[in-house]
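To start, the structure under review is shown below, and the notes come after it.
The values are calculated or read from the model by the stated rules, or taken from the named source; none is laboratory data. Predicted model, so just to flag it, every value in this text is computed and none were measured. All Cβ positions, glycine included, derive from the backbone under ideal geometry; neighbour counts span all protein chains shown. Only protein heavy atoms, including side chains, enter the accessible area calculation; ligands, DNA and RNA are left aside. Shrake-Rupley method; radii C 1.70, N 1.55, O 1.52, S 1.80 Å.
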Amino acid sequence: MPTNETKNIKTIQSLRGMKDIVNEESSLFTYFVENASRIAKNYGFSYIETPLLEETALFKRSVGESSDIVNKEMYQFIDKGENDVCLRPEGTAGVVRHFVEKKLDRAGGNYKWYYYGPMFRYERPQKGRLREFHQFGCEVFGIDSVYEDANIIIMIKEILEFFGIGFTLKLNSLGCKECMPPYKENLVKHLTTFKDELCEDCNRRILTNPIRVLDCKNEKCQLLLHNAPKITTSLCNSCDSDFEKLKEILDFNNISYEVDSNLVRGLDYYNKTAFEFVSNEIGAQSAIAGGGRYDRLVEFLGGKSTAGIGFAIGIERLLELVKMPECNQDVIYIGALDENSLNTVLKVANQKRKTTKTLVEYAPRSFGKHFGIAEKLGANIVALIGENELKNGTIYIKNLKTKEESNLKLEEF
Ligand code: HAM
């Protein structure tokens, strides 16, 4: 009986924008991660797990001080050792930190890692936008060929197609340190002429990171931006020829895309190729994957200049679109018809578990009760042992789908 004190204890809820992944969603989650990992391994990626907590400076230097993520959305605090730390808002920075920390930039060669796990952004929660969400991501180091950009896009397409998900691929080039600065200057000059008509956020961004003005969601700003200079027509020769080549490789592989010169991404580390996969079936938060090239990020984090490219898929958004395939694997339910048979039931179940999903009921019950429970648990085969079966060294089997019944020798089972 609860005492008066325990009766009044307030129950605790999960935090706003955070949720448990359980039941059908957790089955889908593991189904997704297992298959995406399999595909990543086939493309030469190996698994990396980096800490959830990192020095705040890591994200300031990589994701960028002007980004919304660093500016407004970090779960940042001072730990007991007076370190300024935060929960990772994304996965790339930690992987690059590892790359530089282990001096792999000096060792040369190529590195390909995939990862999955929780990310944290203190955003305003809504459908498809959580404060704790999960990403599946891949990062590649040491390959500057535009064929790798195409390869990454082909791999994401393969993952999405495996799960039967339709998408639109949006593509842009963000230029390099040669062509981006004059483009930005030009853009700022243009924006300044109608600065007062742009929203408050855009005005702040003109000063901090003007290209972010291009993807402002405010309709009035979008109208005003109609004649803004486009990065795709301001690229230097090298970026332009890489972008043309990328489109050519995608065409050759029958991958459709839309060039969107306003696609600037919410993280500051990109150069050249930037892309997003969007779905029109999940509402306003439609980006299911995003990524691009980040050839200067290793340098920003103190390493030797190394090419980098990667992407991340938002798992929760994707799971909205994934359907579990019909499972036709056996699930066996084993139970006892009396107390004396329980030891044998447990022994047989543990043997069976080596190859097949096997559920055990510890309480002895009648045939009918066992059938009912087995059905509820999703088993298709019921195996029962009672006094007779013990005596004869057999086990009673019923296939719940075909209704077939039999008695098998225990060794046969
Ligand atoms: P991102 O575009 O910020 O890129 O996130 C990737 C994906 O994570 C998004 O397309 C979306 O599906 C999902 N996502 C982002 N924020 C939320 C949220 N609040 N709730 C639910 N899902 C969300 C990155 O994070 C880069 N690190 C990707 C990358 C890897 N670029 C190069 N390598």
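Among the residues of the range 141-159, those that are assigned to a helix (DSSP H, G or I) and open to solvent by less than 20 Å² (accessible area, probe 1.4 Å) comprise V146, E148, D149, A150, I152, I153, M155, I156, I159.
Yes or no, residue by residue, for (1) within 16 Å of the ligand (Cβ to nearest atom); (2) aliphatic (A, V, I, L, M); (3) in a helix (DSSP H, G or I); (4) open to solvent by 30 Å² or more (accessible area, probe 1.4 Å):
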residue: Q135; (1), (2), (3), (4): yes, no, no, no
residue: E139; (1), (2), (3), (4): yes, no, no, no
residue: E161; (1), (2), (3), (4): no, no, yes, yes
residue: L169; (1), (2), (3), (4): yes, yes, no, no
residue: E178; (1), (2), (3), (4): no, no, no, yes
residue: N186; (1), (2), (3), (4): no, no, yes, yes
residue: K189; (1), (2), (3), (4): no, no, yes, yes
residue: R204; (1), (2), (3), (4): no, no, yes, yes
residue: Q222; (1), (2), (3), (4): no, no, yes, yes
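crowded, with 16+ Cβ neighbours inside 10 Å, within 19 Å of A289 (Cβ to Cβ) and of a type in the set (F, W, Y): is that true of Y43 in this structure? Spelling it out, Y43 is indeed crowded, with 16+ Cβ neighbours inside 10 Å, within 19 Å of A289 (Cβ to Cβ) and of a type in the set (F, W, Y). Selection of the range 300-315 for residues being within 12 Å of the ligand (Cβ to nearest atom) and closer than 16 Å to C176 by Cα yields G308, I309. For F275, are the conditions met, namely being in contact with an Asp or Glu (Cβ under 9 Å, 6 or more places away or on another chain) and under 20 Å from K157 (Cβ atoms)? Against the criterion (in contact with an Asp or Glu (Cβ under 9 Å, 6 or more places away or on another chain) and under 20 Å from K157 (Cβ atoms)), F275 qualifies. Restricting attention to the range 300-333, the residues that are loosely packed, with under 13 Cβ neighbours inside 10 Å and either at pLDDT below 95 or out of contact with any Asp or Glu (no Cβ under 6 Å at 6 or more places or on another chain) (or both) total 8. For the range 282-299, a tally of residues being buried (at least 20 other Cβ atoms within 10 Å of the Cβ), within 12 Å of the ligand (Cβ to nearest atom) and not in a loop (DSSP other than H, G, I, E, B) returns 7.
Residue-by-condition table, conditions (1) open to solvent by 40 Å² or more (accessible area, probe 1.4 Å); (2) free of Cβ contacts under 8 Å to residues at least 60 places away in the same chain; (3) within 20 Å of N340 (Cα to Cα):
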site: V360; (1), (2), (3): no, yes, yes
site: S366; (1), (2), (3): yes, yes, yes
site: A379; (1), (2), (3): no, yes, no
site: L390; (1), (2), (3): yes, yes, yes
site: T394; (1), (2), (3): no, yes, yes
site: N399; (1), (2), (3): yes, yes, no
site: E405; (1), (2), (3): yes, yes, no
site: K409; (1), (2), (3): yes, yes, yes
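Of everything in the range 209-230 that is within 29 Å of the chain's Cα centre (by Cα) and in contact (Cβ under 8 Å) with a residue 24 or more places away in the chain, the residue that is nearest to S279 (Cα to Cα) is D215.
Take K352 and tell me if it is assigned by TED's automatic domain parsing to the domain that holds D105, charged (D, E, K, R), in contact (Cβ under 8 Å) with a residue 40 or more places away in the chain and over 30 Å from Y257 (Cβ atoms). It is false that K352 is assigned by TED's automatic domain parsing to the domain that holds D105, charged (D, E, K, R), in contact (Cβ under 8 Å) with a residue 40 or more places away in the chain and over 30 Å from Y257 (Cβ atoms).
Here the range 69-116 is the region considered, the condition is being of a type in the set (D, E, K, R) and buried (at least 18 other Cβ atoms within 10 Å of the Cβ), and the residue that is nearest to the ligand (Cβ to nearest atom) is E90.
Taking the listed residues E361, E375, the one that is under 35 Å from the mean Cα position of the chain (by Cα), within 15 Å of V331 (Cα to Cα) and acidic (D, E) is E375, with no other qualifying.
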